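Take a look at the structure below.
Just so you know, all these numbers are worked out from the coordinates, no wet-lab data involved. Note that this is a predicted model, so its numbers are computed, not measured. Using ideal geometry, Cβ is built from the backbone for each residue, glycine included, and neighbour counts are taken over all protein chains shown.
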Amino acid sequence: MTSSDWDDWLVREIEDASPEGVAVWYLGCNGFVLKGTGGTTIFIDPYVGVGDPPRTVRMIPVPFDPEDIGEADAVLATHEHTDHVHGPSQAPILENAGATFYAPDDSLTVAREDESWTEEYDVADDQLVEVTEGETIDIGEFTVHVEGANDPDATHPVSYVVEHEAGTFFHGGDTKPSEEFERIGSAYDIDLGALAFGTVGRIPDKETGEPKRTRWYNDENQIVEAAADLELEALLPSHWDMWRGLTSDPKVLHHHAKSFEYPNRLELVEIGDRVDL
């Protein structure tokens, strides 16, 4: 396991925080931590791996060591890709904090069968809970709604709408625009939404190793289309910082978003930054 470049200061900051509503920390890649005023703490897609160099090369620091995390109620996964379901990043959180892992079926297959979390770590099978679209889960002071997602590269992706009396957070995983988003935008009043953003680059093919034109995340127009359909009050672009060859500059989104009713503003953050609802 790669050790943290930042020691444990970010973990301690999260544990010591007493938000008046909901604090949201960006972990880089597509990882987030939500902590409510009552102390409930939810991790979504935390990943501290370095990828698979030279195909996928991590471009940002490793912000924490999962072994240092002792306070967490849940870990949510959006889909089965390595930077969203990763035993070395997530199983120690379940082991040390007693957190529950919520994920769709194909993500649980990775945890149970491909990576054998219950054998390799002190994780009980009942800590691994399957979710599917249309379900609602109560996690402490948060209500989590499982919704659909449109990620053509994943086998079963979902998105999450996380409600709290202080505000509502949307995590789309690596979704592209979806026909479902207009319905979701009408059904929920979303204060802050995280959508994956990046450029198109040439990444070595998994089988041949030859560079291949690759689009894993939303471009400028797609991310604004999704944000507009979701009626996001604020759009937080994620994932743009992570992989060599696919990084981008989220500041360009001001030009693409300015003529649309939604999002009303951009929330541009870097790894380790905190936003409050």
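Here are some notes:
- Sequence of HIS81, HIS86, HIS254 once ranked by neighbouring C-beta atoms within 10 Å, starting from the fewest: HIS254, HIS86, HIS81
- Between ASP65, ASP153, ASP126, the GNM of the chain built on Cα springs shorter than 10 angstrom shows ASP126 fluctuating the most.
- Counting all C-alpha pairs of the stretch 9-276, share separated by more than 31 Å (%): 19
- Pairs from LYS176/LYS258; LYS35/LYS251; LYS206/LYS251; LYS35/LYS176 whose Cα-Cα separation, in the structure shown, is over 24 Å: LYS35/LYS251; LYS206/LYS251; LYS35/LYS176
- Panel order for GLU147, GLU119, by other beta carbons found within 10 Å of each beta carbon, from fewest to most: GLU119, GLU147.
- Which of LEU108, LEU195 has the fewest Cβ neighbours within 10 Å, and the rest in rising order: LEU108, LEU195
- Mean separation of Cα contacts under 8 Å, 6 or more apart, over the residue count of the chain: relative contact order %: 18
- Residue-averaged 222 nm ellipticity for the chain, from DSSP H runs of 4+ at -39500 (n - 2.57), nearest 500: -4500 deg cm²/dmol
- Of VAL22, VAL161, VAL200, the one that fluctuates the most in a GNM where the chain has Cα springs shorter than 10 Å: VAL200
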